[in-house]
Amino acid sequence: MRLHVDIAGWLGLAVALRLQQAAPTLQLSVAVENDTPPRPISGAARAWLQRAFPELKTLLAEASRLPLVVIRDGVRVECGESDLVPVARHLIDFLRHNARNADIAPAASPPAGALIAGPGEAGLAVAPTVAGSSSVQLVFAGDSPAHLRLYPGRIELLWPHGAQPDATALLRQAGLGAVAFTLAKAAPCDFDLGLADDALCLGAAEQQPALIEALAMALASEDAKASFAEQRQKIVTAAQHGVRNRLDWFATPQRHAGLPLPRFAYSLLTASQRTGHEDMAQTYPALVAEVEAAIARDAGLNETAPPMFTPFRLRDMTIANRVVLSPMCMYSATDGLVNDFHLVHLGARAMGGAGLILSEMTAVSAEGRITPGCAGLYDDAHVDAWRRIVAFVHTASPARIGIQLGHAGPKASTQLGWQRMDEPLPEGNWPILAASDIAYGPRNQTPQEMTAADIDMLEGQYVAAASRALLCGFDMIELHFAHGYLLSSFISPLTNKRGDEFGGDIKRRARLPGRILQAVRKIWDKPLSVRISATDWADGGLTGEEAVELARILKAAGADALTVSTGQTTRASRPLYGRMFQVPYSDRIRNEVGISTIAVGAITESDQVNSIVAAGRADLCALARPHLTDASWTLKAAVEQGFAKQWWPKQYLAGKAQAERESGKKPPVRHMTRGAA
């Protein structure tokens, strides 16, 4: 078998390690410049990589216990527990995991050295030392002067003084800013931290002219420094997000081992979430074409389409594309009864192209409403109003529509969203329930801890609401077990202090949510999803391992999919916000548990949806605020990507034609003719 990989950096390394035994004739190519074709690694370099494996395995087996030493100009300096230490550990663990089963014959002689890295990437180099013993260099930022070397008995970080590269030029390359920022924090000795931070900002200056102006002012005026620091912090925060995401990927590469090789490669290259689908298509067109073709085939299509415009199946329900209208409270119902506002709101997004419409959280009891303006399905009088909305969506569009059922619990009886959100009503508050008698905030009511009778009543309310959803004609139900509401208060260890069968470890805390899910599943044979908070973003809260175990419990209880959200369970939450900041939690649960997931949280661009789906981080993407500003978000995304086969309302076809003509006046984008009729 003969394979050729024309992809640089970590992908080349991962593919080489993964396929070394299966493909002994593997040819690995490495791109050396963004604008030049790849060049193959020499036979001698490849032979050295093979010969080094036996010693590599020995080094890597010991590496996690070795001290990290920083060498500058031949002088040892202290590093301490800096950001680079976990970086090194994660990379070592990744290499050890992939190399542990390798069994490769020694080569005749080593070359001068071999670098497996592309421009602006971290890479791996193997080379003989002066003393003749082998070492491994983890080379950050391509050929930057920062190297991590593994030796028998020690790890060395080499950072020669005065040899830092042109940071402004390097940081223009995708993803490098995150690595540069980490390294700058790692070696404070004899190094200007401000220079690294400012260079990080300058690296993004082409896209942010205002930042250049702010920097100039900051250098000239003390008064302007605060403004510059604020703008700089936004970029630094984004870089840190990229670092965390990539570290997590390399800490657990086995999580993605079940992905087909092209999608495994795609997931690896986009691990930081700072590289989008179009970026990938520009850099690795063959890989992206293969990934898109595979996704289309799996979806039953005869031709390729952007990942977000491929259909997806849950049970017997086919969703036309991967875009979901995320549930959003509108606070516009009267005694739980929805009205014309909800018809227009949900109907417009269905006509705007979203494949799946999810209602706002709809209470299973009057006391379970978040606010007096929240929707309900706790009375037979609510059925006709919902049935009217469902019928319109089905008649006016191919969209599927689901209802999100929930009980607000400790966050019930609060003010409308545009008043003082999550604060109690000025008057007329009703009694509230929770897993334990812990108030959501200092001004909120203290809820009553649920009794056995309360639990039995709650189960009946969920079953009754699900039965009414059948009468309404909904295609899907989502149960809301997140965000600090009633069932969420059982799941989080911060809000569940019970000593009975419903408190304790995660299996006991998830017992009531699982029981409610099973009860609904008995009378509902259509798709059923559950929204969870995968972390509390607070000390002592739900752990990542517990979130995975929770997902397994819900899957076993009958869930077809999980909407993976986070937080909002306690006022002590301190989320690390950023674009797509919740997607890594969806990625972990989807790939470790083997259940379909819906990603949600700061997903705003079609390029992000394409990347999330292509990388296998989620099967569907729920967008909230983008749909508030643009009901036709999906239709416009289809035009921007040249996907002409996206359904449009026939009444709007003239607008489609004009939008396509206007798009044709702009510089052409990839796939502009794909899917054309």
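The values are calculated or read from the model by the stated rules, or taken from the named source; none is laboratory data. All values reported here derive from a predicted model rather than from experimental measurement. Note: ideal-geometry Cβ built from the backbone for every residue, glycine included; neighbour counts use all protein chains shown. Heavy atoms of the whole protein, side chains included, go into the accessibility calculation; ligands, DNA and RNA do not. Shrake-Rupley method; radii C 1.70, N 1.55, O 1.52, S 1.80 Å.
From the phi angles alone, apply the Karplus equation (6.51, -1.76, 1.60; θ = phi - 60°) to segment 277-294 and give each ³J(HN,Hα) in whole Hz, x where the residue is Gly or Pro.
3J(HN,Hα) across segment 277-294, in whole Hz: 5, 5, 4, 4, 5, 6, 8, 10, x, 5, 4, 5, 4, 5, 5, 5, 5, 5.
Which whole-angstrom value gives the distance between the alpha carbon centres of segment 430-500 and segment 633-653?
First find each Cα centre; the distance between them is then 40 Å.
Counting only residues 5 or more places away or on other chains, whose amide H sits under 5 Å from the amide H of ILE319 once H atoms are built in the peptide plane?
PHE312, ARG313, LEU314
Spelling out what I want: for every residue of segment 371-384, take phi, set θ = phi - 60°, compute 6.51 cos²θ - 1.76 cosθ + 1.60 (Karplus), and round to whole Hz; glycine and proline get x.
My calculation for segment 371-384 gives 9, x, x, 7, 6, x, 9, 9, 9, 4, 5, 7, 5, 4 Hz in order.
Would you tally the net charge around ASN591, using a Cβ to Cβ cut-off of less than 9 Å, leaving ASN591 out, and scoring K and R as +1, D and E as -1?
Values: positive: ARG255, ARG588, ARG590, ARG617; negative: ASP587, GLU592.
Overall, the nearby charge balance is +2.
What pairs from LYS497/LYS555; LYS555/LYS645; LYS411/LYS507; LYS411/LYS522; LYS522/LYS636; LYS497/LYS526 go past 31 Å between their alpha carbons?
On the way: LYS497/LYS555 25 Å; LYS555/LYS645 34 Å; LYS411/LYS507 24 Å; LYS411/LYS522 28 Å; LYS522/LYS636 40 Å; LYS497/LYS526 34 Å.
Pairs exceeding 31 Å: LYS555/LYS645; LYS522/LYS636; LYS497/LYS526.
Rounded, prolate or oblate, given the Cα gyration tensor of segment 502-621, with a/c below 1.5 counting as rounded?
On the way: a/c = 2.07, a/b = 1.19, b/c = 1.73.
Oblate.
Using per-residue counts of other Cβ atoms within 10 Å, averaged over each peptide, order 545-554, 399-408, 530-539 from highest down. Display every interim value, and only then the final one.
Numbers: 545-554: 20.5, 399-408: 26.3, 530-539: 23.2.
Descending packing order for the listed peptides: 399-408, 530-539, 545-554.
May I ask for the net charge around GLU449, where only other residues with Cβ less than 11 Å from the Cβ of GLU449 are counted and Lys, Arg are +1 while Asp, Glu are -1?
Working: positive: LYS497, ARG498; negative: ASP437, ASP454, ASP500.
Local charge sum for GLU449: -1.
I need the phi-derived Karplus couplings for segment 610-626: 6.51 cos²θ - 1.76 cosθ + 1.60, θ = phi - 60°, integer Hz, Gly and Pro marked x.
So the Karplus estimates, Gly and Pro as x, are 4, 5, 4, 5, 5, 7, x, 8, 6, 9, 9, 10, 9, 10, 9, 4, x Hz.
Amide H of GLU360 versus every other amide H placed in the peptide plane: which residues, excluding those fewer than 5 positions away on the same chain, fall under 5 Å?
Long-range HN contacts for GLU360: MET328.
By the scheme Lys and Arg +1, Asp and Glu -1, what is the net charge of all other residues having a beta-carbon under 11 Å from that of ALA615? Could the numbers behind the result be given before it?
On the way: positive: ARG263, ARG590, ARG617; negative: ASP587.
Within the 11 Å Cβ shell, the charges total +2.
What does the accessible area per residue of segment 557-638 come to in Å², with a 1.4 Å probe and no ligands, DNA or RNA counted?
Details: 2460 Å² over 82 residues.
In whole numbers, segment 557-638 has 30 Å² accessible per residue.
Roughly how big is segment 366-474's charge dipole about its Cα centre, with Cβ charges of +1 (Lys, Arg) and -1 (Asp, Glu), in debye to the nearest 20? All intermediate terms of the calculation are to be shown ahead of the outcome.
On the way: 8 positive and 12 negative charges, 118 e Å.
Taking the Cα centre of segment 366-474 as origin, the dipole is about 560 debye.
Under 5 Å between amide hydrogens, which residues at least 5 positions from ALA482 or on another chain qualify, with H placed 1.01 Å from N in the peptide plane?
Hits under the 5 Å cutoff: SER488.
Over segment 344-392, average the accessible area per residue using a 1.4 Å probe and give it in Å², no decimals.
Spelled out: the 1.4 Å probe surface of segment 344-392, per residue, equals 26 Å².
Order the peptides 522-529, 630-637, 409-416 from the highest to the lowest mean number of other Cβ atoms within 10 Å of their residues. Numbers along the way, then the final one.
Numbers: 522-529: 17.9, 630-637: 21.0, 409-416: 23.6.
Put in order of decreasing packing, that is 409-416, 630-637, 522-529.
If you take the square roots of the eigenvalues of the alpha-carbon gyration tensor of segment 421-509 and sort them as a ≥ b ≥ c, do you get rounded (a/c under 1.5), prolate (a/b over b/c) or oblate? Mind dumping the intermediate values first?
Working: a/c = 1.87, a/b = 1.25, b/c = 1.49.
Because a/c hits 1.5 or more and a/b fails to exceed b/c, segment 421-509 counts as oblate.
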